[in-house]
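The values are calculated or read from the model by the stated rules, or taken from the named source; none is laboratory data. Fair warning: this is a prediction, and the values are worked out from it, not measured in the lab. Note that we place each Cβ from the backbone using ideal geometry, even for glycine, and neighbour counts take in every protein chain shown. Protein only, heavy atoms only, side chains kept; ligands, DNA and RNA dropped before computing areas. Shrake-Rupley method; radii C 1.70, N 1.55, O 1.52, S 1.80 Å.
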Amino acid sequence: MIGYLILSDGTTFEGEIEGDFLEPCEGELVFYTGMTGYQEVLTDPSYKDQIVVFTYPLIGNYGINEKDFESKKPQVKGVVVFQATAQYSHYLAKYSLQQYLNKWNIPYITNIDTRAIVKKIRSNGSQIAAITAKRLVLFEQKLSHQPVKEVSGTKIETYGEGDKHIALLDFGYKKSILTSLLKRGCKVSVVPVHSLNEIHDLSPDGLVLSNGPGDPKQLENQLPQIFELISKYPTLGICLGHQLIALSLGGNTKKLRFGHRGANHPVIDHKRGKVFMTSQNHSYVVDANSLEPLPVHVRFTNVNDQSVEGLAHEHLPILSVQFHPEANPGPEDADWVFDEFLEIYVAARREKVYA
C-alpha cells in the first residue's frame, strides 16, 4: 500500500510499505553507502533508534543467512530502500530480506528515491523522520536517552580459552569484535555496561571498549569509572569506545552533520605513513581542538574531512580507533589493529604494572 517517509522539516517522500503499521515509526534518518552488508547493518547495535536509508538501489539479492548477524535481532527502527527484492540467491541464505523484517515487525518502505533523500541529509544534516501510512505526523522529537543500556547485555559471559584474557566492555558490541579476538586466541569476558565495577575481579590482561549507539555524553556519569579502568589496563577503544576514552581523559566530542557510514572511508595512519580503507558507522567525533592539553596524540585521521579517527596515549598503553577494524561489512584493511593491540599493548602489561 502507499506509504510515506516524512522528515521533521516537512519534506515528504511517497513509496510503498507492507504490513499494518498503525503508528508511525520514528527515528533518526541516516544513510549507509555500502553495496553489500545489509544484514550486518540491520543487526548492528550502533543503529539503535535509527531509520537506515540504503543508497545502493537493489537490496536483498543474496538474502539473509544465519551466520552474518552482529546481534541476536535487528536493531534498526526502520528501513528505506529503492528496491527490496524477494528473489535471493546465495548458498547460505535461509530467507528473504522482507521475511526477516516482517518476522521482527521492522517497518520498511520501498520505491523511494534514495538518492534524493541522501542529498537532503547531506545538505541539511541528519534529522528525525517517520515511516507511516498517514500524510501527517506529529513528531514527538524524543528518542531514547539511554540506548546503550537497551542494547548492552544482562550478565557477564565468557568465551574462549586463550592465554590472553580480554574484557570486552559491552556498550552494544558487534559479534565480529568478539570473533576477531577469539580468532587470535583470546579468552574474552563480555561485560555489560552495568557491571563495569566487576572488571577488577576478572583481572583481565586488557580491555576493549566496544562500539554502541547514541551520544557518548549520555554515559558521562560513568566517565570517572572508565578513566580508572583505562588507567590500569591496556585498552583498545572502537567507535563509541574511542569517544568514551577521549571524554574520560578530558577531551570533547561533537556531532557530525550527517555522520560517516559505509565501507569506503580512507584513513591515514600517521605512525606507519599509510592510507587504508575502513568501515565506519558513527554520528559523533572527537573534537581535535580539545586534545591539545591532553597526553595523547592523533594516530589516525580521516582523509576526506580531516576528522580524528584514532588516538594513542603518550604514557599509557591506550589505543583507540573511530573506524571498525573488524569490518563486517567492509574491507579488512584495518584488522591488524587487533594484532598491534595484543602484541604490543597487552604484552606490555606482563612486563610492567601501570598505575
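Can you work out which of the residues in the range 31-55 that are out of contact with any strand residue (DSSP E or B) (no Cβ under 6 Å at 6 or more places or on another chain) and under 23 Å from Ile6 (Cβ atoms) is surrounded by the fewest Cβ atoms within 10 Å (Cβ to Cβ)? Walk me through it before giving the result.
Filtering the range 31-55 down to residues out of contact with any strand residue (DSSP E or B) (no Cβ under 6 Å at 6 or more places or on another chain) leaves 35-37, 40, 42-45, 47-48.
With the extra rule that they be under 23 Å from Ile6 (Cβ atoms), the set shrinks to 42, 47-48.
Details: Leu42: 26, Tyr47: 28, Lys48: 22.
Per the criteria, the residue is Lys48.
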So Val30 passes all but one of these: (1) within 16 Å of the chain's Cα centre (by Cα); (2) not in a strand (DSSP E or B). Which condition number does it fail?
(2)
Just wondering, is there one or more residues in the range 265-277 that are of a type outside the set (Ser, Thr, Tyr), under 16 Å from the mean Cα position of the chain (by Cα) and open to solvent by 10 Å² or more (accessible area, probe 1.4 Å)?
yes
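Report yes if some residue within the range 221-229 is open to solvent by 10 Å² or more (accessible area, probe 1.4 Å) and touching a Lys or Arg at 6+ places or on another chain (Cβ under 7 Å); otherwise report no.
Narrowing the range 221-229 to residues open to solvent by 10 Å² or more (accessible area, probe 1.4 Å): 221-225, 227-228.
Okay, now just the ones that are also touching a Lys or Arg at 6+ places or on another chain (Cβ under 7 Å), so none.
So far as the range 221-229 goes, no, none of its residues is open to solvent by 10 Å² or more (accessible area, probe 1.4 Å) and touching a Lys or Arg at 6+ places or on another chain (Cβ under 7 Å).
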Which of the residues belonging to the range 263-288 are part of a strand (DSSP E or B) and of a type in the set (D, E, K, R)?
Asp269, Lys274
Residue among Asn281, Asn302 that is within 25 Å of Met35 (Cβ to Cβ) and either modelled with pLDDT under 95 or crowded, with 21+ Cβ neighbours inside 10 Å (or both):
Asn281
If you check every pair at least six apart or on different chains, which have Cβ atoms under 8 Å apart with a residue in the range 175-191 that is more than 13 Å from Asp335 (Cα to Cα) first and a residue that is open to solvent by less than 40 Å² (accessible area, probe 1.4 Å) and hydroxyl-bearing (Ser, Thr, Tyr) second?
Lys175/Ser71
Which of the residues belonging to the range 208-232 are out of contact with any helix residue (DSSP H, G or I) (no Cβ under 6 Å at 6 or more places or on another chain) and either closer than 11 Å to Asp170 by Cα or in a strand (DSSP E or B) (or both)?
Val208
Please go through the range 306-326 and give me each residue that is farther than 14 Å from Pro295 by Cα, assigned to a loop (DSSP other than H, G, I, E, B) and not charged (D, E, K, R), ordered by number.
Gln306, Ser307, Gln322, Phe323, Pro325
Specify which of the listed residues (Leu244, Leu256) is closer than 27 Å to Ala347 by Cα and of a type in the set (A, V, I, L, M, F, W, C).
Leu244
Please verify whether Gly250 is under 26 Å from Glu314 (Cβ atoms) and open to solvent by 20 Å² or more (accessible area, probe 1.4 Å), treating the condition exactly as stated.
yes
Please enumerate the residues belonging to the range 327-355 that are modelled with pLDDT of 90 or more, in a helix (DSSP H, G or I) and surrounded by fewer than 18 Cβ atoms within 10 Å (Cβ to Cβ).
Trp336, Asp339, Glu340, Glu343
